[in-house]
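Here the structure is laid out as structure tokens; the discussion comes afterwards.
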Amino acid sequence: MSLGFKLYSFFNGNLVHQDSLGNKYYHDKNNPSKRWVVYSSGFGPESLPPQFHNWLHNTSDETSSFELEENSQESIVKKRVQKHSVKHKENKDKGYNSWQPK
């Protein structure tokens, strides 16, 4: 996350919630329907539980559902990260040699 975006969040946003993973959820001071998240180090969009995702996309206005048990939230995140992780294929030579610049 860039320093500029963190400064923008600090000056233009109201902190709504910080989850147990360290992600911070904001909404705009002038327009509460404008919402965003500042991910903690090492996390990305796949780390968001469904209720956080729904709030970010204005599907739900409930912030009371943010209170989850820390263990259940971490297990949800681990499942989602595992599901969306990209597994690199082994480099198998099947008669194709890519061009290598000299």
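Restricted to region 1-52, and to residues there that are of a type in the set (A, V, I, L, M) and under 10 Å from the mean Cα position of the chain (by Cα), the residue that is modelled with the lowest pLDDT is Leu48.
Matching residues to (1) closer than 21 Å to Lys78 by Cα; (2) assigned to a loop (DSSP other than H, G, I, E, B); (3) aliphatic (A, V, I, L, M); (4) open to solvent by 40 Å² or more (accessible area, probe 1.4 Å):
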residue: Tyr8; (1), (2), (3), (4): no, no, no, yes
residue: Phe11; (1), (2), (3), (4): no, no, no, yes
residue: Asn14; (1), (2), (3), (4): no, no, no, yes
residue: Gly22; (1), (2), (3), (4): yes, yes, no, no
residue: Tyr26; (1), (2), (3), (4): no, no, no, no
residue: Trp36; (1), (2), (3), (4): no, no, no, no
residue: Gly42; (1), (2), (3), (4): yes, yes, no, yes
residue: Phe52; (1), (2), (3), (4): yes, no, no, no
residue: Trp55; (1), (2), (3), (4): yes, no, no, no
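Residues being assigned to a loop (DSSP other than H, G, I, E, B), farther than 18 Å from Gly22 by Cα, of a type in the set (Asp, Glu) and at pLDDT below 65 are entirely absent from region 62-82.
The values are calculated or read from the model by the stated rules, or taken from the named source; none is laboratory data. Note that this is a predicted model, so its numbers are computed, not measured. The accessibility values were calculated without ligands, DNA or RNA, using every heavy atom of the protein model including side chains. Shrake-Rupley method; radii C 1.70, N 1.55, O 1.52, S 1.80 Å.
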